[in-house]
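A short write-up of the structure that comes next.
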Amino acid sequence: MTKKENRIFAEISIVVPTYNEKENIEILFSEIKKAMPSNIDYEIIVVDDNSPDKTWEKALELMTNTVTVIRRVNIKGLSTAILDGILFSAKKYVIVLDADLQHPPQYIPKLLAEAVEKDADVVIGSRYMKGGGVEGWSKTRLLISKGASLIAKLLLPSTRGLTDPMSGFFLVKKEIVVRNKEKLNPYGYKVLLEILERCKPNKVVEVPYTFKPRLYGKSKLGAKVIVEYIIHVLKLSGWRPFKFIAVGAAGTVVNLVTLLLLKYVASPLYLDYFFIGSAIAIEVSVLFNFALHETWTFKDRLYGTRIRRLALFHLSVFPSAIAQYISAVSLRYGLSINPIIAQLIGILIGFPINYVFSELGIWKKKA
Ligand SMILES: Nc1nc2c(ncn2[C@@H]2O[C@H](COP(=O)(O)OP(=O)(O)O)[C@@H](O)[C@H]2O)c(=O)[nH]1
Ligand SMILES: [Mg+2]
C-alpha cells in the first residue's frame with residue numbers, strides 16, 4: 001500500500017519567517033522541492049524583516065512561480081511575520097517552518113495528510129510524542145522547554161492533552177486564522193499558543209518529528225525570551241493567576257475578619273472552642289472564594305452544574321482547608337501562637353494546592 005501522503009490531493013502554503021538566513025534559504029527550497037510529492041500543490045511564502053544579510057535578496061534570486069517573497073521594512077517580529085504570511089497565503093492549509101532546517105521539510109506531506117484525513121484545524125509537529133525527538137540539545141535546554149510546556153498546561157486549558165503545544169512547526173487551516181484575526185495578538189514567539197487559545201480550533205492532532213540542529217547561522221532567541229514567554233502565557237490566560245491571588249487575599253481577609261467577629265460575638269468559639277471557630281472561618285471564606293471564582297476568575301469556564309462545582313470546590317480546597325485547620329489548631333494549642341497568625345500560616349500552606357486543583361479540577365476546560 002502507498003503511504004497516505006502519496007494518496008491525498010491537497011494544497012498547502014509554506015510560510016517561512018526569516019531573519020539573517022541567507023545561507024539556509026537555498027538548501028531549504030531544494031529540500032522542500034524534494035519533499036513534496038506531485039499530488040500536493042504548494043507555494044512558499046518567505047517573510048523577511050529586511051535582514052541585514054539580505055536574505056530577501058537571495059530569496060528573490062531563487063523566486064519561481066511557487067515562491068513569494070515579502071520584505072517587511074518597517075515591521076519586525078517573528079509572530080507578526082508568521083501571521084502576515086498566513087494572511088497572505090492562498091491555499092486552504094498553511095504550514096509554518098523555520099528557515100534553518102530545524103523543521104525537516106520531509107514531514108510536511110505527513111502533517112498535511114493528517115489534516116486532510118482527520119479534518120483537523122491544527123496539526124502540530126511534536127518533538128515529545130512517541131516517535132519524535134530532539135537532536136543536539138543540552139539537558140538544560142530540554143528542561144527549560146519542558147518547564148515552559150508545563151506552565152502552558154497549567155494556565156491554558158487548550159494546551160492540555162497535547163505533547164508539544166509550544167512547537168514552532170505546525171499546520172493550520174487558514175480559514176480559522178482569518179476568522180479570528182482581530183483576536184490574535186502577535187506578542188512573543190509562540191504563535192501556536194496564540195492560535196490554540198484564541199482561534200478555538202475544533203480538532204488538534206499531533207504528528208511526531210525529530211527537531212534537528214540549526215544548519216547555518218545562529219538562533220535569534222535569547223534570554224529575554226523566557227520572560228516574554230511567561231508574560232505571553234499570562235496574557236493569554238487573562239492574567240488568571242493574579243485574579244486567583246487577589247481572590248485568595250480577599251478570602252484571607254474574610255477568614256480573619258470572621259475569626260475576629262467570633263472573638264467579639266461568640267468568644268468561646270475563639271478561645272476554648274477554637275477548633276470550631278477556625279472551621280467556621282474557613283467555611284465562610286471557602287464560600288466567599290467560590291462566589292468570586294464563579295463570577296470573575298473562572299467565569300468563562302462554568303461547565304457542569306453549580307452544585308457540582310461547589311461540591312468539587314469543597315473537595316478541591318480540602319487539602320488546603322485541612323492544612324489550615326491542622327496548622328491553626330496545632331499552633332494554637334501546641335505552640336500557643338496567636339490564632340490569627342496560626343490561621344494565616346494554614347492559609348499560606350494550602351494556597352498553591354488550592355490553585356492547582358481549581359485550574360485542573362473544578363474549572364477545567366470543557367470535556
Ligand atoms: N521575519 C522574521 N523572522 C524571524 C524573526 N526572528 C526569527 N525569525 C525566523 O524565525 C525562525 C525561528 O527563529 P530561530 O532563531 O531559528 O529560533 P529557534 O529555532 O527557537 O532557535 C527562523 O527562520 C528565523 O530566521 C523576526 O523577527 N522576523
Ligand atoms: Mg530555528
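Coordinate-derived values only; no laboratory data. On a predicted model such as this, the values are computed, not experimentally measured, just so you know. Here Cβ is always computed from backbone atoms with ideal geometry, including for glycine, and neighbour counts include all displayed protein chains.
For ILE144, ILE362, what's the fewest-to-most ordering of other Cβ within 10 Å of each Cβ? Please report the intermediate quantities before stating the final value.
On the way: ILE144 15, ILE362 25.
Ordered from fewest to most neighbouring Cβ atoms within 10 Å, ILE144, ILE362 come out as ILE144, ILE362.
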Fill in: Alpha-carbon centroid distance for the pair segment 148-182 / segment 36-84, whole angstrom
23
Worksheet item: In segment 77-207, with Lys and Arg counted as +1 and Asp and Glu as -1 at Cβ, which of these residues, ILE82, TYR107, GLY131, has the Cα nearest the positive end of the dipole, that is, farthest along it?
Response: GLY131
Worksheet item: Whole number please: convex hull volume per residue of the Cα set in segment 218-313, in Å³?
Response: 144
Response to the item:
By the Cα gyration tensor axes a ≥ b ≥ c (a/c under 1.5 gives rounded; else a/b larger than b/c gives prolate, otherwise oblate), the shape of segment 4-236 is rounded
Worksheet item: Rounded if a/c is under 1.5, else prolate if a/b is larger than b/c, else oblate: which is segment 208-367, with a ≥ b ≥ c the root eigenvalues of its Cα gyration tensor?
Response: prolate
Practice prompt. Could you tell me how many degrees, from 0 to 90 and to the nearest 10, lie between the Cα long axis of helix 339-357 and the main elongation axis, the longest principal axis, of the Cα atoms of the chain?
Written response: 30
Fill in: Burial ordering of TYR273, TYR229, fewest other beta-carbon atoms within 10 Å first
TYR273, TYR229
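Out of segment 8-40, which chymotrypsin sites (Phe, Trp or Tyr not before Pro) are coil in DSSP terms and have no more than 10 other C-beta atoms within 10 Å?
Filter output for segment 8-40: PHE9.
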Discussion item. Helix 240-265 against the longest principal axis of the chain: what's the angle in degrees, Cα atoms only, rounded to the nearest 10?
Written reply: 0
Worksheet item: Do any trypsin sites (Lys or Arg not before Pro) in segment 1-51 lie in a DSSP loop with no more than 14 other beta carbon atoms within 10 Å, and if so, which?
Response: LYS3, ARG7
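What shape does segment 74-184 take by its C-alpha gyration tensor, where a ≥ b ≥ c are the square roots of the eigenvalues and a/c under 1.5 counts as rounded, a/b above b/c as prolate, and the rest as oblate?
On the way: a/c = 1.44, a/b = 1.34, b/c = 1.07.
Taking the square roots of the gyration eigenvalues as a ≥ b ≥ c, segment 74-184 is rounded.
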Discussion item. To check you understand DSSP bridge types, tell me what percent of the beta bridges within the chain (both residues inside) are antiparallel, rounded to 5.
Written reply: 20
Item to complete: Would you mind pulling out the separation of the Cα centroids of segment 311-331 and segment 98-124, in Å?
Response: 47
Worksheet item: Taking segment 127-159, which trypsin sites (Lys or Arg not before Pro) meet the DSSP loop condition and have no more than 10 other C-beta atoms within 10 Å?
Response: LYS130
Worksheet item: In terms of modelled amide H atoms, which long-range or inter-chain residues lie less than 5 Å from the amide H of TYR93?
Response: GLU11, SER13, LYS174
